[in-house]
Amino acid sequence: MNRNLNIVVLGGGESGLGAAKLAQKLGHSVLLSDRSSLSAENRQALIESKIDFEEGQHSEDRILGADLIIKSPGIPEKAPLIQKIRTAQIELISEIEFAARHCQGTIIAITGTNGKTTVTSMVHHLLETAGENVALVGNIGTSFAGSLAEGDHDYYALEVSSFQLDDIIHFKPHIAILTNITPDHLDRYNNSVDEYAAAKLRITENQDEKDHFIYCADDVLTNKYLQEYPLRAQQWQLSLEQTVDNGAQINSDGILQIIINQQLDMDINELALQGKHNTYNSMASGVAGRLLNIRKEAIRESLASFESIEHRLESVLQIYGIEFINDSKATNVNSTWYALESMQKPTIWIAGGVDKGNDYSQLAKLVGEKVKALICLGTDNSKLHAAFEGLAPMVIDAADMDEAVRMAYKMGDKGDAVLLSPACASFDLFENYEDRGRQFKNAVRQL
């Protein structure tokens, strides 16, 4: 990229701030523009870094005079300003595209509807356990560009969403991992699973024969769309249900086998995270480790010592024999399916929020088998009532998190679990899923 470009960054969240800092470090002229108000922390960071910014507006004359525009993943393609940028034929890219153009390290990129945060964290933990210089970046928290602005690493464990992949051009991870595909964010993709799946699979589009693609061979939609998508990377399969030639599987004795170069065997009972979904996550991390020639001993140690991430099946407290579990990160039905599937105790389930066109039918069997009460937490719970009244013995509403937790505690008996796994976005009552999870944990601690 030429020096001294006029760069505009649209959006002042984590990815926008990181992109602005990297652009400035590279010597470019930078304007960060956010139509909403910036957080106090990000505003102060921009002031301290002496980066030009505006908030509460988009100055179109300045934006349309840019050489390059870096877009927040939250801004949809159909937004009028984006359409004007397209008409003006100004190069428009995502923050991960911008960062990758200036990255010298090896990129391990992880996407998927569910599990991508856990797998990204596991890959990072594995490489740290092996003593490697690795950064944990992307949709998980610290932006890829922001990390690069601070300094270089040998490896980047990078979580990427479909929104971030929408605006890549040359982005090319050495290892790409696709955990699964289930319908989500369809409002962004014209209510089309085909368009959503195509966005996910863009993670592979620039890979070549020297790169690697890891995916779940048991995932129905992944297999369907891979038939339609050209792949040049070497392929590695993960399966609990079948034998694979390359990748990872479970044999009849319950041994996880990673079949790459010299085979690595590990008893699944030794894995730090249990449950089917977490076995897939462990497999993905282990296969990535072997492809990076990490020692087998380090892989085993990392898979046995990994601690669950916050807000994902996070055990909070046990009070008078009732276990409280925070799964606030479950913002779609499929993620909640995995949570309910892993429950081994009678469960009081707290769910609800902003419905993204959810189909709750896939949860019906699990709710009938495992849920003793459903507490609905949201501004409109009509779909939850319609889906689960008659399946769960009790379906009731709560006005806020404190009330939901108190209700659950009164209903619970020794040996029960209270599971917050909303299956919905959080924006009706909470700032985000982290805020929702923290409120749940605070309410539990106040019992």
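The values are calculated or read from the model by the stated rules, or taken from the named source; none is laboratory data. Just so it is clear, the model here is predicted, and its values are computed rather than measured. Backbone-built Cβ (ideal geometry, glycine too); neighbour counts: all protein chains shown. For the accessible areas, the whole protein counts, side chains as well, though only heavy atoms, and no ligand, DNA or RNA atoms are used. Shrake-Rupley method; radii C 1.70, N 1.55, O 1.52, S 1.80 Å.
Quick notes on this one:
- Taking all protein chains together, 296, 50 sort by accessible area into 50, 296, largest first [probe 1.4 Å].
- Cut-off under 5 Å, modelled amide H: who pairs with residue 332 long-range: 423, 424
- Mean Cα-pair separation over length for the chain, i.e. relative contact order, pairs under 8 Å, 6 or more apart, %: 11
- Other residues within the sphere of radius under 11 Å centred on the Cβ of residue 305, judged by their own Cβ, net out at -3 (K and R +1, D and E -1).
- Solvent-accessible area of residue 8 with every protein chain in place, 1.4 Å probe, in Å² to the nearest 10: 0
- Shape category assigned to region 3-106 from the gyration tensor of Cα positions, a/c cut at 1.5: rounded
- Sequence-separation-based contact order of region 215-361, relative, with Cα cut under 8 Å and 6+ spacing, percent: 13
- For region 109-210, accessible area per residue (1.4 Å probe, heavy atoms of protein chains only), Å²: 32
- Extended-chain gain in nm, criterion 0.36 nm per residue less alpha-carbon gap, residue 341 and residue 102: 81.8 nm
- Segment residue 223-residue 364, length gained on full extension (0.36 nm per residue, minus Cα span): 48.3 nm
- Whether region 1-57 is rounded, prolate or oblate, judged on the alpha carbon gyration tensor where a/c under 1.5 counts as rounded: prolate
- 222 nm mean residue ellipticity, helices alone, for the chain (DSSP H n ≥ 4; -39,500 (n - 2.57); rounded to 500): -10000 deg cm²/dmol
- In this calculation the C-beta distance from residue 195 to residue 89 is compared with R0 = 25 Å, giving a FRET efficiency of 0.60.
- Between the beta carbons of residue 406 and residue 431, assuming R0 = 22 Å, the FRET efficiency works out to 0.50 to the nearest 0.05.
- DSSP beta bridges in the chain [antiparallel fraction, %, rounded to 5]: 20
- The Cβ shell under 11 Å around residue 198 holds other residues with a net charge of -3, Lys and Arg each +1, Asp and Glu each -1.
- Under 12 Å, Cβ to Cβ, from residue 261 - net charge with Lys/Arg +1 and Asp/Glu -1: +3
- Solvent-accessible area of residue 337 with every protein chain in place, 1.4 Å probe, in Å² to the nearest 10: 70
- Residues of region 311-344 with amide N under 18 Å of a point placed 7 Å along Cα→Cβ from residue 414: 318-324
- Restraint check, 370/414; 296/329; 410/441; 224/383; 50/172; 372/441, Cα-Cα greater than 25 Å: 296/329; 224/383; 50/172
- The mean sequence distance of close C-alpha pairs (under 8 Å, at least 6 residues apart), as a share of the length of region 265-317, puts its relative contact order at 43 percent.
- Accessible area per residue, Å², region 1-58 with all protein chains present, probe 1.4 Å: 50
- For region 233-390, the solvent-accessible area of protein heavy atoms averages 42 Å² per residue (probe radius 1.4 Å; ligands and nucleic acids excluded).
- Among 250, 294, the order of accessible area from largest down is 250, 294, computed with a 1.4 Å probe on protein heavy atoms.
- Region 89-192, accessible surface, carbon-and-sulfur percent (1.4 angstrom probe): 38
- Gyration tensor verdict on the chain (Cα atoms; rounded if a/c is under 1.5, prolate if a/b is larger than b/c, oblate otherwise): oblate
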